[in-house]
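Written below as structure tokens is the structure these notes are about.
The values are calculated or read from the model by the stated rules, or taken from the named source; none is laboratory data. Bear in mind that the values here come from a model prediction, so they are computed numbers and not experimental data. No Cβ is skipped: glycine too gets one built from the backbone with ideal geometry, and neighbour counts run over all protein chains shown.
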């Protein structure tokens, strides 16, 4: 088993209510990117908050390129079942790819109370990378990220994420995306969708598309006008927490 970076470890914030929330991080990242928001939510609620580390993450891009969305979802299912054994109400909240996994869980994991998805990558802003991924997987399997200044800024705030995107893993995430879009009309539990207005990775139209497809659930959409992709570490994380708490209540 690969060594896990100290900043990438899972977290558990125990509460005193019958409600638990599972937080899921994004592609190439770790629970560190959702911890600031989870910590604020813990301070104002009695919820138990759990942040899992997905397989292939938190160690090296080479390890991640051997993982797939099926393995990531298996870890999510296991974490959900563990929380459901101890808590009456379990919610799942995900950032970016974590949002896709949360939506998939909402359809395929019985007994959940609701789903929260933030900046799920329905439409990405780099269509070249998506189109060329099958070739890049062979000739350049680790694609460097472009906005290094922002990445380094988030690193200084405690976020651990790879500085490149393992292409094979990216393609697996996009297969998950296609599955979620095919099945989201089967979602019947409450859904909170959030989208950053300054998202540098995901097109803002993604949330509109998801809202139109999720036609069989009670739905709320929140616009994070001043947030970038990692909204859970940005200036509007307090707004995210307020909306999450109100939605869960």
Report task. Could you tell me whether the stretch 160-169 includes any residue that is within 17 Å of the chain's Cα centre (by Cα), closer than 26 Å to residue 245 by Cα and either surrounded by fewer than 17 Cβ atoms within 10 Å (Cβ to Cβ) or at pLDDT below 95 (or both)? Result -> no
Report task. Name the single residue, out of those in the stretch 15-43 being in contact with a helix residue (DSSP H, G or I) (Cβ under 9 Å, 6 or more places away or on another chain) and assigned to a loop (DSSP other than H, G, I, E, B), that is modelled with the lowest pLDDT. Result -> 15
Query raised in the report: For the stretch 148-181, how many residues are closer than 15 Å to residue 30 by Cβ and assigned to a helix (DSSP H, G or I)?
Result: 4
Query - Residue check, residue 246 modelled with pLDDT of 95 or more, closer than 20 Å to residue 21 by Cα and within 17 Å of the chain's Cα centre (by Cα) - result: no
Query raised in the report: Taking residue 200 and the conditions (1) at pLDDT below 95; (2) part of a loop (DSSP other than H, G, I, E, B); (3) farther than 23 Å from residue 29 by Cβ, which numbered condition does it fall short on, given that it satisfies the others?
Result: (3)
Report task. Would you be able to say whether some residue in the stretch 210-220 is under 15 Å from residue 125 (Cβ atoms) and surrounded by 15 or more Cβ atoms within 10 Å (Cβ to Cβ)? Result -> no
Query raised in the report: residue 90 fails exactly one of the following numbered conditions: (1) free of Cβ contacts under 8 Å to residues at least 12 places away in the same chain; (2) over 27 Å from residue 145 (Cα atoms). What is the number of that condition?
Result: (1)
Query - Residues of the stretch 63-81 satisfying the condition of being in a helix (DSSP H, G or I) and in contact with a strand residue (DSSP E or B) (Cβ under 8 Å, 6 or more places away or on another chain) - result: 64, 75, 76, 79, 80
Query - Any hit, the stretch 119-142, residues being in contact with a helix residue (DSSP H, G or I) (Cβ under 6 Å, 6 or more places away or on another chain), surrounded by 18 or more Cβ atoms within 10 Å (Cβ to Cβ), within 21 Å of residue 15 (Cβ to Cβ) and at pLDDT 95 or above - result: no
Query raised in the report: When the stretch 170-187 is examined, which residues are found to be without any contact (Cβ under 8 Å) to a residue 60 or more places away in the chain and either touching a helix residue (DSSP H, G or I) at 6+ places or on another chain (Cβ under 8 Å) or farther than 12 Å from residue 104 by Cα (or both)?
Result: 171, 174, 181, 185
Query raised in the report: Which one is farthest from residue 51 (Cα to Cα), of the residues in the stretch 143-159 that are surrounded by fewer than 14 Cβ atoms within 10 Å (Cβ to Cβ) and touching a residue at least 24 places away in the same chain (Cβ under 8 Å)?
Result: 147
